[in-house]
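Participant: One structure is given below, represented as structure tokens, and several questions about it will come after.
The values are calculated or read from the model by the stated rules, or taken from the named source; none is laboratory data. From a predicted model like this one, the values you see are computed outputs, not experimental measurements. No Cβ is skipped: glycine too gets one built from the backbone with ideal geometry, and neighbour counts run over all protein chains shown. Protein only, heavy atoms only, side chains kept; ligands, DNA and RNA dropped before computing areas. Shrake-Rupley method; radii C 1.70, N 1.55, O 1.52, S 1.80 Å.
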Amino acid sequence: MATIVASIEYLVHEILLRLPVKSVLRFKCVSKQWLALISEPKFCHSHTLRLYKSSRVFPSAILLPLVSSTSCPIIPIKTNDVSDSSNFRNVEVPKGTVIQSCNGLILIKRCTSKPWSKVEYFICNPTTNKSVPVVFPTEDFGYSLVSLFICFDPLKSQYYKLVSVRYKYYTSGPYWEKKVISYNPEAEYVCNVYSSETDAWIESGFTFTASDSEPPRKNNAVYHDGVLYCYMFRLGKFCYFDFDTLSFKTCPMPVSIDENSSVLYFGESGGYLLFVLRSRLQIEILKLKVEKLEFSLVSNVKKRESFFRNEICKGNCVFIQEKDKDTGIVSFRRGMVMSINVAASSFKVLSRFSSGRRPTLVTGVFQHCENLSCVGPFKV
């Protein structure tokens, strides 16, 4: 019977779609037929869609990017054995610095020479161990880059987009002599968009100045429900990138921020935008849902306990929101990865590293959704 089922491609396809990611990857070794099926972008996208529709984009793990390493520890958020001190596995990625994670895909930045660094970027799916380099239209394009963002939502498309922000003016000459202009309020920037569907950059970008909107950077931008949102720390306002008109537009602020408050965290999880404010006495965790480009307050959690303040303020943490559950925090500190329930004032250890194996992080902790999403090249 097993031989008959294996020979019917439709049944094999339907069975594989319902298996966990790790099982599907192991089954690549069964035969060339199964390898071809599982490697097909359409199958990968269908499998990812089933995962997302069942879990509502809840992250399955935490990724800890290491310093100049080709290996990243992945720690599952849900675990039955909280006493397991090595509850993690390593995934292979291109050597460099992880600067963004978006629905299973990560963006890596690598400097290839010193002291005048030549910078390369890669799109990688650490689950499948597949990666592709980011190719810019011209050499000068890459040298003038300020920020680069990956925008990917498998519920909307199997393809991803890249949004770049770069200086309009910079010095010319050999690459080791190139140097972008220093920041000033009237500096002009150019924004361009790349689509993996066409494998091309949109030639006509748009120009904006810092006086209108400071350039968005990696630590203040979130891709959520098909929109790239940015919080402008210096200006104290939200804006979003409109892919249809290729322009930045201003959003209303969800709450007023006075001189005694600061934005500690801006992220996304479980279909919500999470916005964390810090004042002298408390930290407010706001769960926000976007409707008609307006922010509405869903919940407001306040905690004054020094333990939670220390964990949140150290920076190596992400805020997790699961549907119909309390907002939680996953924090990396003192060689431990901890899951913190703010409302219940409790925590549990997800993983503990020995002193000789403690990761040295560069850019903090990232949410990670294990899936089979393709990074390219895509078949026509």
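Participant: Taking amide H positions as placed 1.01 Å from N in the peptide plane, with prolines and chain starts having none, which residues 5 or more places from Tyr265, or on another chain, fall under 5 Å of its amide H?
Facilitator: HN-HN under 5 Å from Tyr265: Val276.
Participant: Here is a follow-up. Can you give me the long-range amide H partners of His224? Hydrogens built in the peptide plane at 1.01 Å from N, cutoff under 5 Å, separation of 5 or more residues or another chain.
Facilitator: HN-HN under 5 Å from His224: Tyr229.
Participant: What does the accessible area of Cys369 come to, in Å² to the nearest 10, when a probe of 1.4 Å is used?
Facilitator: 10
Participant: Which value, in Å² and to the nearest 10, is the accessible area of Thr198 when all protein chains are kept and the probe is 1.4 Å?
Facilitator: Here the accessible area works out near 100 Å².
Participant: Using protein chains only and a probe of 1.4 angstrom, how many square angstrom of Asp140 are accessible, to the nearest 10?
Facilitator: Counting only protein heavy atoms, Asp140 exposes about 70 Å² to solvent.
Participant: What is the set of long-range amide H partners of Lys237 at a cut-off below 5 Å, with H atoms built 1.01 Å from backbone N?
Facilitator: Met232
Participant: Taking all protein chains together and a probe of 1.4 Å, list Tyr189, Tyr265 from the most accessible to the least accessible.
Facilitator: Numbers: Tyr189 0, Tyr265 40 Å².
Sorted by accessible area, descending: Tyr265, Tyr189.
Participant: Please arrange Cys29, Cys72 by accessible surface area, largest first, computed with a 1.4 Å probe and ligands excluded. Let's see the in-between values first.
Facilitator: On the way: Cys29 120, Cys72 5 Å².
The ranking, largest first, comes out as Cys29, Cys72.
Participant: Step through the residues of the stretch 19-35 one at a time and calculate ³J(HN,Hα) from phi using the Karplus curve (6.51 cos²θ - 1.76 cosθ + 1.60, θ = phi - 60°), rounding each to whole Hz and writing x for Gly and Pro.
Facilitator: Using θ = phi - 60°, the values come out as 8, x, 4, 4, 5, 4, 5, 5, 6, 4, 7, 5, 6, 5, 5, 5, 4 Hz.
Participant: Which of Lys156/Lys287; Lys53/Lys289; Lys118/Lys249; Lys249/Lys289; Lys78/Lys130; Lys22/Lys348 have a Cα-Cα distance over 28 Å?
Facilitator: Numbers: Lys156/Lys287 23 Å; Lys53/Lys289 18 Å; Lys118/Lys249 32 Å; Lys249/Lys289 18 Å; Lys78/Lys130 25 Å; Lys22/Lys348 25 Å.
Violating the 28 Å Cα-Cα cut-off are Lys118/Lys249.
Participant: When Lys and Arg each count +1 and Asp and Glu each count -1, what net charge do the other residues less than 12 Å away from Thr138, Cβ to Cβ, add up to? Let's see the in-between values first.
Facilitator: Working: positive: Arg166; negative: Glu139, Asp140, Glu203.
Residues near Thr138 contribute -2 overall.
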